[in-house]
Amino acid sequence: MPFTIAIDGPAASGKGTIARAIAQHFGFHHLDTGLLYRATGAKGGDPVEAARALRPIDMERDDLRSAEAGQAASRVAAIPEVREALVDFQRRFAMQEPGAVLDGRDIGTVICPEAALKLYVVASDEVRAARRAAELGADPARMLAELRERDARDSARATAPLRPADDAVLLDTSALSIEDAVARAIAEVARVQAG
Ligand code: DC
């Protein structure tokens, strides 16, 4: 049975960094599911068709990390048929041996409700905005507004909204260095592996 780890949380909470580090540490596969929605939004045209026709090469565009691509992703992600078109790929990815780490918004609640470990990663709005501003070379106040708008849309949508699974372990990275946040996440995985 492959070992699946679900990592969810709002934008810039640190979940992507933690997911990549866990995957590297344990030799697991990693999928940043936000990229599926970013690539769908960036394709333009009918989002449902775009999601159904998504190919790995679409995830390699170099404009997917921008704040605009994040907003477009958040908008197409509210369309139930878009989400449905992306479910099978994510579930197949999660079943790979020896294990897989998926990060997103609905991994623990919808995509992998049977995951061995579910982490819900949060950080204060201000910390997240400062991180994203540093990453993109953008204005922190603009990033704060952008993140809040996106989180509100992602949390309020009817299908697979952003929320922790009932059995998720909460990890607040507001006051943690990347190294400390990763160490805590690795300790959680080790705890579950030890049974
Ligand atoms: O993780 P990210 O910032 O790259 O995600 C971009 C948007 O995609 C996010 O605002 C909402 C959507 N998303 C989603 O609805 N479900 C996921 N599993 C991942 C992302």
| note | By residue number, the members of segment 1-10 that are within 16 Å of the ligand (Cβ to nearest atom) and either under 20 Å from ARG191 (Cα atoms) or crowded, with 24+ Cβ neighbours inside 10 Å (or both) are THR4, ILE5, ALA6, ILE7, ASP8, GLY9
| Does GLY45 meet the test of being of a type outside the set (Ser, Thr, Tyr) and more than 9 Å from the ligand (Cβ to nearest atom)? | yes
| request: Check segment 64-80 and report whether any residue there is free of Cβ contacts under 8 Å to residues at least 12 places away in the same chain and under 22 Å from ILE22 (Cα atoms). | output: no
| field | ALA100 vs. criteria open to solvent by less than 20 Å² (accessible area, probe 1.4 Å), in a strand (DSSP E or B) and touching a Pro at 6+ places or on another chain (Cβ under 8 Å) | value | yes
| note | Per the list (1) in contact with a helix residue (DSSP H, G or I) (Cβ under 8 Å, 6 or more places away or on another chain); (2) open to solvent by less than 50 Å² (accessible area, probe 1.4 Å); (3) away from the ligand (no atom under 14 Å from the Cβ); (4) under 19 Å from ASP172 (Cβ atoms), residue check on ALA133 breaks on (4)
| note | Inside segment 112-144, the number of residues satisfying the requirement of being over 18 Å from the mean Cα position of the chain (by Cα), small (Gly, Ala, Ser) and outside any loop (DSSP other than H, G, I, E, B) is 4
| query | Among the residues of segment 27-78, which ones are in contact with a Phe, Trp or Tyr (Cβ under 8 Å, 6 or more places away or on another chain) and assigned to a helix (DSSP H, G or I)? | reply | LEU36, ALA73, SER74, VAL76
| Out of segment 20-38, which residues are at negative phi and either more than 10 Å from the ligand (Cβ to nearest atom) or modelled with pLDDT under 95 (or both)? | ARG20, ALA21, ILE22, ALA23, GLN24, HIS25, PHE26, PHE28, HIS29, HIS30
| Right, GLU84: without any contact (Cβ under 8 Å) to a residue 12 or more places away in the chain, open to solvent by 50 Å² or more (accessible area, probe 1.4 Å) and within 13 Å of the ligand (Cβ to nearest atom) or not? | yes
| note | Filter segment 164-184 for residues that are in contact with a strand residue (DSSP E or B) (Cβ under 8 Å, 6 or more places away or on another chain), without any contact (Cβ under 8 Å) to a residue 60 or more places away in the chain and part of a loop (DSSP other than H, G, I, E, B); the one that is surrounded by the fewest Cβ atoms within 10 Å (Cβ to Cβ) is ASP167
| note | The condition from (1) closer than 19 Å to ILE7 by Cα; (2) surrounded by 14 or more Cβ atoms within 10 Å (Cβ to Cβ); (3) within 13 Å of the ligand (Cβ to nearest atom) that ALA123 misses is numbered (3)
| said: Being assigned to a strand (DSSP E or B) and more than 18 Å from LEU170 (Cα to Cα) is the filter here; which residues of segment 1-26 pass it? | reply: PHE3
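The values are calculated or read from the model by the stated rules, or taken from the named source; none is laboratory data. Treat the numbers as computed from the prediction; the structure is a model and nothing was measured. Ideal geometry is used to build each Cβ from the backbone, glycine not excepted, and the neighbour counts take in all protein chains shown. Just so you know, the surface numbers come from the protein's heavy atoms only, side chains and all, with ligands and any DNA or RNA stripped out. Shrake-Rupley method; radii C 1.70, N 1.55, O 1.52, S 1.80 Å.
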